[in-house]
Amino acid sequence: SMRNLSRRLSRNLSRRRSSIVESLPDSPQGWVTLVTTAASAVLAYELRLQKSLTSPPNVFCQDTPYNTRLRRMLSTPADRGILSRKIQPSLLVGTRGRLASIAAYAVPHWNEDGLNMDDCGSRRLPNSDDGADSTPTSSSTKLLFREVMHMGSDGAEIAIDWEVPPEPITSSHDPYRSPNQRRNDVLRGPISRPVVIILHGINNDASFGYIRSLMKACTDRGWIAAGFNFRGCGGVPLKTPRGYTGSFTGDLRTVVNNVVGRMVNEHVPLFVVGNSLGANLITKYLGEEGRCGTLPPNVAGGISLGNPLQIHSGNMGFPWAQILGMGVKKMIMLNWNVFRHITSADHRRAIKEALLAPTIGQIDCALAPYMIRNNPEYPFEVRVGYEDGEAYWDDASSYKY
């Protein structure tokens, strides 16, 4: 009977539990040995995984004489060239990229002092509208400030966290430029230095360490860095009930066009760098613009880091599908003041279904009919909605570009 079966299973589990307890060390020295052995095994596995993932970057480019010469130049010498040397990922986080996304649920946003905050948008870094100055007071220091750009497509706001390198001083006769002057050069132009726009991954923002590290690497070389926060991220609340997606390149296009319009001439280069979902977006953006011949002349190139290429959240397994889904739900709840004013009953029902869905794939399917998107052909007009999650994943996948 079921009762007898339950009793037998209970007795078996009790015996196994007892045998496990008996096999545990009964002294501090034994516990030290056990923990050391387990840690050594984990480290050995991580080192093998790190070694297997260490390799040169995959490079994709159009087959033109210029690109061929550029690739040959950047691949020489073979052991030290930018495109030929091996890249070694860091342990744990580098070998498991999803950990960076998981960390988003415990990481709050920026405030105006560059510290973290727990609310969404009630305190912000200085932006172009509030007239606040930045902390640095000398032209020999880096300048940090925030600009909030308005998206003409649907009224959304995007936060750009700028990091400007120190002014080069070649002699005592060089004029002193105040932080406000340097800040206005970036916000209104003319910009005469290379600019690097850096996009984060899903459930992250531009305050994450890997973004700040990339920005510092740029400004240490004299370039201007811009940390791009997706809509609804970085402490700037949503203005519309449509968050960021893996397919909509309109926000990136608007930011690039705005920055290009501030450059002193078309010879000042602008680069876009994307991580994970951001890598997918810049690949799709460059592909759309390149195919239509509309890429601004200042855009000199892009770097795609950890690009998923083919997006299909429905195929993501446990526990990542659940954990990444929690991050999307967190974004919805942080912006609930916008979502609760939705008048469409079907849209409200989709939001409720997304909040109750256990995985990111099911969330995508629930929200797909209400996602913001753009036509991949010029003039890239903005549209709303997909037939289903499959249609969204197909449109978002950047491998086609």
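General remarks:
- Pick from segment 222-250, criterion without any contact (Cβ under 8 Å) to a residue 60 or more places away in the chain and in contact with a Pro (Cβ under 8 Å, 6 or more places away or on another chain), ranking: surrounded by the fewest Cβ atoms within 10 Å (Cβ to Cβ): 222
- Cβ-Cβ contacts under 9 Å between residues 6 or more apart (or on different chains), taken from a first residue in segment 322-350 that is within 14 Å of residue 238 (Cα to Cα) and open to solvent by less than 70 Å² (accessible area, probe 1.4 Å) to a second residue that is part of a helix (DSSP H, G or I) and acidic (Asp, Glu), are listed as 328/364.
- Candidate set from segment 49-66 (those that are over 17 Å from residue 93 (Cβ atoms) and part of a helix (DSSP H, G or I)); member that is modelled with the highest pLDDT: 65
- When 209, 189 are checked against the criterion of being without any contact (Cβ under 8 Å) to a residue 40 or more places away in the chain and either open to solvent by 10 Å² or more (accessible area, probe 1.4 Å) or closer than 28 Å to residue 166 by Cβ (or both), 209 stands alone in meeting it.
- Checking each residue in segment 42-67 for being open to solvent by 60 Å² or more (accessible area, probe 1.4 Å) and farther than 20 Å from residue 279 by Cα picks out 42, 43, 45, 47, 48, 51, 52, 63, 65, 66.
Residue-wise test of (1) more than 23 Å from residue 366 (Cβ to Cβ); (2) at pLDDT below 95; (3) not in a loop (DSSP other than H, G, I, E, B).
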position	(1), (2), (3)
216	yes, yes, yes
226	yes, no, yes
251	no, no, yes
280	no, no, yes
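- For segment 302-321, filtered to residues that are under 13 Å from residue 277 (Cβ atoms) and small (Gly, Ala, Ser), the residue that is least open to solvent (accessible area, probe 1.4 Å) is 313.
- Residues being in contact with a helix residue (DSSP H, G or I) (Cβ under 8 Å, 6 or more places away or on another chain) and within 18 Å of residue 263 (Cβ to Cβ) - total across segment 193-220: 4
- Residues satisfying the stated conditions in segment 68-89, i.e. touching a residue at least 12 places away in the same chain (Cβ under 8 Å), polar (S, T, N, Q) and open to solvent by 50 Å² or more (accessible area, probe 1.4 Å): 88
- Helices (runs of 4 or more DSSP H) contained entirely in segment 299-401, each with at least 2 residues that are modelled with pLDDT of 95 or more: 345-356, 360-367, 389-396
- Residue in segment 388-401 that is farthest from residue 275 (Cα to Cα), counting only those that are open to solvent by less than 20 Å² (accessible area, probe 1.4 Å) and in contact with a Cys (Cβ under 9 Å, 6 or more places away or on another chain): 389
- The single condition among (1) on the phi > 0 side of the Ramachandran plot; (2) open to solvent by 20 Å² or more (accessible area, probe 1.4 Å) that residue 385 does not satisfy is (2).
- Residue within segment 358-378 that is at positive phi and open to solvent by less than 30 Å² (accessible area, probe 1.4 Å) present: no
- So residue 319, is it within 26 Å of residue 210 (Cβ to Cβ) and not basic (Lys, Arg): yes
- Residue match in segment 108-127 (condition: in contact with a Ser or Thr (Cβ under 6 Å, 6 or more places away or on another chain), at pLDDT 65 or above and open to solvent by 30 Å² or more (accessible area, probe 1.4 Å)): no
The values are calculated or read from the model by the stated rules, or taken from the named source; none is laboratory data. The structure displayed is predicted, hence computed values, not measured ones. Positions of Cβ are backbone-derived with ideal geometry, glycine not excepted, and every protein chain shown enters the neighbour counts. Areas reflect the complete protein model, heavy atoms only, side chains present, ligands, DNA and RNA absent. Shrake-Rupley method; radii C 1.70, N 1.55, O 1.52, S 1.80 Å.
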